[in-house]
Amino acid sequence: MNNIILDELPLDLKNPFNFNKLYTRESCNVSVIWIVYDKNKKIILSKGVSRPCGFNHGKTSIHAEQQAINYCRRNNNKTKYVIYIWRYGKTGNVKPMYCCTQCTKMAKKYNYTNKIFTFNQDNICPAVIDDPPLSLAYKTYLNKTYLNKI
């Protein structure tokens with residue numbers, strides 16, 4: 001059970017949500033939380049967490065941005081919906097998350113570059129940035145490949 005008090009998000013919400021169900025201290029260093037927010041109605045429409053895939057899957061994980069963009073595409077409304085991604089630290093503080101190279105490509109492909117945001121010190125800022133970082137899984141893969149060559 002989590003005894004940690006999670007920081008509040010800097011959003012005006014008509015339907016407050018308790019994110020304790022999406023937070024675990026054991027996975028907070030890798031889990032990215034996402035919400036789809038209707039900026040006109042000021043409500044959370046959907047939420048979730050990035051998730052790992054099994055050994056028989058072609059990918060190592062399904063990123064938060066991928067899940068959120070897929071939700072928006074299925075519900076066919078890009079104009080009112082905004083996507084927020086972030087991570088909680090071990091003490092419950094909100095930490096910013098930025099789209100990796102693959103998620104940035106996906107955001108550009110579906111015209112979501114101005115619709116994905118993160119939280120940085122109680123401010124809302126774009127999550128799609130110039131020169132995006134590699135995903136954690138890809139960094140691990142590259143490191144393992146490099147070490148095997150030595």
Be a star and scan the range 84-110 for residues whose amide nitrogen sits under 18 Å from the point 7 Å along the Cα-to-Cβ vector of ASN3.
-> 90-93
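Just order 10-21, 115-126 by mean Cβ neighbour count inside 10 Å, highest at the front, would you? The partial results should precede the final answer.
On the way: 10-21: 12.3, 115-126: 16.5.
Packing proxy ranking, top to bottom: 115-126, 10-21.
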Just grab the label-to-label distance for LEU13 and TYR110, each label 7 Å out from Cα along the Cβ direction, in nm (one decimal).
-> 2.2 nm
State, to one decimal in nm, how far the label point of THR24 lies from the label point of THR79, with both points 7 Å from Cα in the Cβ direction.
-> 4.1 nm
Pairs LYS21/LYS42; LYS80/LYS108; LYS47/LYS80; LYS14/LYS109; LYS14/LYS90; LYS90/LYS115: which exceed 25 Å Cα-Cα?
-> LYS14/LYS109; LYS14/LYS90; LYS90/LYS115
Pop a pseudo-label 7 angstrom from the Cα along the beta-carbon direction at both THR91 and ASN70 and give the gap in nm to one decimal.
-> 3.5 nm
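No value in this document is a laboratory result; all are computed from the given coordinates. Model, not experiment: these values are computed from the prediction. A quick note on method: Cβ atoms are made from the backbone with ideal geometry, for glycine too, and the neighbour counts reach across all protein chains shown.
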